[in-house]
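Everything below concerns the one structure shown next.
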Amino acid sequence: MTTGTLTWHQLRDLKLSEFEQAGDAWHQVSGRSDSDRVRVDRAMSAKLRETQESESATAAVGRLQRLSRNFSYMHAECGLVRTALNGLAGDLAEPQRQLKHALADAAAQNLTVHEDGSVSYPAAEVADLTGAKKEAPGGMVKGSSRLPLEPPGFGPNGQSPVYPGYSGFKPLNPNALKAQDVADRVARAVRSASEIDARYAKTLNGLKAEKGLDVTKATLKDVAGDTADVRSAAGRYLRDHVPMDKTPAERRAWWDALPEEQRREYLDIAPDLIGAVDGIPAVARDEANRRYLPLLIDELGRKDDGDSATKLDALRMIRDKLNKPSDPPMFLLGIGDEGNGRAIVAYGNPDTSKNVSAYVPGLATTLDKEFVKDTMKRAKDTAVGARDVDPSSAAIVWLGYDAPNFAQVVSTSNAEKGAPAYNAFMAGLEATNQNKDPHLTAIGHSYGSLTVGTAARQSGGIPGVDDIVLLGSPGVGVDRAEDLGVGRGHVFVGAADNDPVTHLPKPAEALAGLPLTGTTAAVVAPRLTDHLYFGQDPASEGFGARRFRVDDGPAPALELGGFDAHSQYFTPELDPESANNIAQIVGGAPENITTEEYR
């Protein structure tokens, strides 16, 4: 680190590799500390517990536990120093590059850069407004780290000064403009580097251990504060290295190629940068999101509005579920508070399972208590059922977009915005799955079926998907199953006769006067065609999908809304036949489904 005012000479001559080498040395200390901690825990403490039962042995174990905490603290803090030093080197690289380019331009243009950053320029022969040749004298300019408001050589308000006793305008030396440009670029590079230097100096100065050998709970809590400080200083360095402009497969290759210590940097210091990146393996995403979850809960807890409170309740419920044993095990593949909230939860490891489904929920789904209690349960029920078909199965609920509310449901806008995100997620599943030929199933329920259909219509279709399941669908934006890109024999439809959503007429029919004031009317009213609001009825013969048997569900009640039949497709307790058919498809045994006639 530099002291005092940074000069352009210091920035030019700075050897950034020395920071990285220092970081590597701190990493070695961090690694040794972690190894020593493991040795204390496993070889020393554990052996004492297993072989000795005495007061002296208990006291010795207590001292070893204190030593273990010391090593753990050193491991964390030394790792933070390494990250800060690497971040410093990474962030200083750009202003140093800008400075060197400015100096090279100065040399090429015969300009002289002085110790204080000012730039001298030579005289030049120019023509004045009369065409007469005049010599514009050389001079010197000082740089500004902000954009100049006026061209150099001009007076207030941009007017050009006049020679005393000369009727023409003073000719401007073109070298002055070049010199000013160089001087400003030098000043901006030095200012940027100075700000970076100060930011990291403050962070590194804060990474100091208290005196004494005992690492208390307060000391360990201080690690969290130190981690936040390093994240604040080095966040750009970490963020800029994530290849977000690459494909999920390329991101997987990037992650796999990172040294373990760099992967730990992201997981420990910037988990939110990694937790939602498609192409990062599920175990790493899960760890990142579990680390990010309490930070997000704390952030929302400091807000005072209804939307934040709703999301906060849901996040706390998800946290509680993660802290309890689950069969199949839970993996948190995404979490966030943007829009209506984000949550991507897998039951079963989607990277090791041969059969994986990803379910897109529909109308009015938000990150709230209902999502945790009901929507997440649907994915779990699917996973449990599919594992009965093939133990190598996992199921995901994907709330990676803003599902529409009742006012928005008549528009395709939410589906069009959600489809690219869903396809990127599915490409990530394909990239990280460890099986040679994984079996992927896309499931769309309600408006989510339109999102799945929209994703399937994009160039190349839904990456890696073999089968598509449409449940309670108001149409998917296409008129034929084969238009979804997986072949009509791989498109499956569940549509309960008492599900009002599967009977919504297309807009022209609604305007023609079909009764839509009650859900009963929507069900019993004869449609003029077999088209629904968003296209051909997926349960019709004209669409050509494989319709499987589901329970008709409760008859809709005119006054109460009557959406029960729309919500039970996944639930074994309410519709065991539908749930089993979904499980057979997801588990890779679609030949075992029970079929139903077309509408």
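The values are calculated or read from the model by the stated rules, or taken from the named source; none is laboratory data. Here the structure is a predicted model, which means the values were calculated and not measured. Positions of Cβ are backbone-derived with ideal geometry, glycine not excepted, and every protein chain shown enters the neighbour counts.
Before moving on, here are some points about what is shown:
- Failed item, numbered, when GLY428 is tested on (1) within 22 Å of LEU363 (Cα to Cα); (2) buried (at least 24 other Cβ atoms within 10 Å of the Cβ): (1)
- Condition broken by LEU450, with the remaining ones in (1) closer than 29 Å to PRO243 by Cα; (2) modelled with pLDDT of 95 or more satisfied: (1)
- If you filter region 238-278 down to residues that are under 21 Å from LEU92 (Cα atoms) and not aliphatic (A, V, I, L, M), you find that the one that is modelled with the highest pLDDT is PRO243.
- Residue in region 303-317 that is under 27 Å from GLU260 (Cβ atoms), modelled with pLDDT under 95 and acidic (Asp, Glu) present: no
Yes/no per residue for (1) modelled with pLDDT under 95; (2) within 38 Å of the chain's Cα centre (by Cα); (3) not small (Gly, Ala, Ser):
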| residue | (1), (2), (3) |
| --- | --- |
| VAL491 | no, yes, yes |
| HIS503 | yes, yes, yes |
| GLY518 | yes, no, no |
| PRO572 | no, yes, yes |
| ALA583 | no, yes, no |
| PRO590 | no, yes, yes |
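- Flag if LEU300 is assigned to a helix (DSSP H, G or I), in contact with a helix residue (DSSP H, G or I) (Cβ under 7 Å, 6 or more places away or on another chain), hydrophobic (A, V, I, L, M, F, W, C) and closer than 12 Å to VAL372 by Cβ: no
- Residue in region 246-261 that is in contact (Cβ under 8 Å) with a residue 12 or more places away in the chain, among the polar types (S, T, N, Q) and on the phi < 0 side of the Ramachandran plot present: yes
- Scope region 386-411; condition surrounded by fewer than 23 Cβ atoms within 10 Å (Cβ to Cβ) and assigned to a helix (DSSP H, G or I); matching residues: ARG387, ASP388, VAL389
- The C-beta contact set for region 487-504 (first residue at positive phi, second residue in a loop (DSSP other than H, G, I, E, B), distance under 9 angstrom, 6+ apart or interchain) is empty.
- Among the residues making up region 85-114, a single one is of a type in the set (Lys, Arg) and either assigned to a strand (DSSP E or B) or under 15 Å from HIS9 (Cβ atoms) (or both): LYS100.
- Every condition in (1) within 21 Å of ALA358 (Cβ to Cβ); (2) part of a helix (DSSP H, G or I); (3) aliphatic (A, V, I, L, M) is met by ALA346 except one, and the failing one is (2).
- Subset of region 412-423 [over 27 Å from ALA346 (Cβ atoms) and either crowded, with 18+ Cβ neighbours inside 10 Å or in contact with a Ser or Thr (Cβ under 9 Å, 6 or more places away or on another chain) (or both)]: THR412
- Residue within region 35-58 that is of a type outside the set (A, V, I, L, M), in contact (Cβ under 8 Å) with a residue 60 or more places away in the chain and not in a loop (DSSP other than H, G, I, E, B) present: no
- The residues listed here are ALA253, ALA288, ALA284, ALA249; of these, the one that is part of a helix (DSSP H, G or I), aliphatic (A, V, I, L, M) and buried (at least 21 other Cβ atoms within 10 Å of the Cβ) is ALA288.
- Subset tally (residues that are in a strand (DSSP E or B) and touching a Leu at 6+ places or on another chain (Cβ under 8 Å)) for region 441-466: 5
- Residue check for GLY464: within 30 Å of PRO500 (Cα to Cα) and not basic (Lys, Arg): no
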